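Below is one structure, written out as structure tokens; the observations come after it.
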Amino acid sequence: MRMNISFIGGGNMARAIIGGLKNNGFDMTNICVIEPNAATRAALTSEFNVQTFDTYVENFNTPKTQSVIILAVKPQILQEVCQQLAPKLVNQQTSPPLIISIAAGIRSQEISRWLGYYSAIVRVMPNTPAQIQAGISALYAMPHVSQAQRDQATTILTAVGLTLWLEDETKMDAITAISGSGPAYVFYLIEALQEAAVHLGLKPEEARLLALQTFAGASLLAKQSTEDIKTLRAQVTSKGGTTEQGILALEAANIKQIIFKAAQAAADKSRTLGGELAQ
């Protein structure tokens, strides 16, 4: 699929997407990045050979048009960025670009309002494993987004992992709590297992290797297996064995409910932040 892509913001997630596109054979001359930090611009040009600018430019690769603009800035400054971008979109109404926002928590209707009620908007919630092209991104399209624009968004986000389209934007808060915040929960559990291994007498490097490979291997097994997760757990948990004792200890500590509460707290915070930043 041929398209030009402008990134507004050149941070970690923008870099991840650009890297994924490069690995997929995308023409880097069709990408530009608007980034105020000179060192970041220089790094992006050096690593990916993309065009970079310190302020927004229209038709960066004349006579082509910018078919996609990706808003890759912090949620706290998204309103300001959108208000600066809005008058420039008026000049592109003959071929209106798709706007993709990866700013956490900001609802599509607010982005539309800040852009002068622009309607070709896809909201995306990616996650940090996108940095190694192993992420998963949830996408929501406003009603006027065309199928061709949906395909553009899918092409871009599959460069960094799997994609999941949502028909109900309210589910984005749950997505944020599970896949957006989820990597931190996994790192927390790996950290705990590693510390437990050291407590049991293993060397730190041994503990790290065992914890990391156990999580990686178990996740890969679960992904490739046709069995559900509960069945896989039961297969490891022999009656009267060591694993059963460990599971009983986890259940006695009510670990599942603790995880439920963590996810609920993250979802509630996502909902609250979205409301606060929409003012």
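Structure above, values below:
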{"read-out": "Leu277, sole failed condition from (1) in contact (Cβ under 8 Å) with a residue 60 or more places away in the chain; (2) more than 30 Å from Ile77 (Cβ to Cβ)", "value": "(2)"}
{"read-out": "The range 245-279 - residue that is among the hydrophobic types (A, V, I, L, M, F, W, C) and not in a helix (DSSP H, G or I) and, of those, nearest to the chain's Cα centre (by Cα)", "value": "Ala278"}
{"read-out": "Unmet requirement for Pro183, which otherwise passes all of (1) open to solvent by less than 50 Å² (accessible area, probe 1.4 Å); (2) more than 16 Å from the chain's Cα centre (by Cα)", "value": "(2)"}
{"read-out": "The one condition in (1) over 16 Å from the mean Cα position of the chain (by Cα); (2) open to solvent by 40 Å² or more (accessible area, probe 1.4 Å) that Asn12 fails to fulfil", "value": "(1)"}
{"read-out": "Tally of residues being part of a loop (DSSP other than H, G, I, E, B) and surrounded by 11 or more Cβ atoms within 10 Å (Cβ to Cβ) across the range 223-240", "value": "3"}
{"read-out": "Residue tally, condition touching a Ser or Thr at 6+ places or on another chain (Cβ under 8 Å), surrounded by fewer than 18 Cβ atoms within 10 Å (Cβ to Cβ) and among the polar types (S, T, N, Q), over the range 128-159", "value": "1"}
{"read-out": "Residue list for the range 89-118, restricted to those being closer than 18 Å to Ser6 by Cβ and open to solvent by 60 Å² or more (accessible area, probe 1.4 Å)", "value": "Val90, Asn91, Gln93, Thr94"}
{"read-out": "Looking only at the range 84-128, and only at residues there that are of a type in the set (Phe, Trp, Tyr) and in a loop (DSSP other than H, G, I, E, B), the one that is nearest to the chain's Cα centre (by Cα)", "value": "Tyr118"}
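The values are calculated or read from the model by the stated rules, or taken from the named source; none is laboratory data. This structure is a prediction, so every number in the text was calculated from the model and none was measured. Every residue, glycine as well, gets a Cβ built from its backbone with ideal geometry; the counts of neighbours run over all protein chains shown. For accessibility, only protein heavy atoms count, side chains too; no ligands or nucleic acids. Shrake-Rupley method; radii C 1.70, N 1.55, O 1.52, S 1.80 Å.
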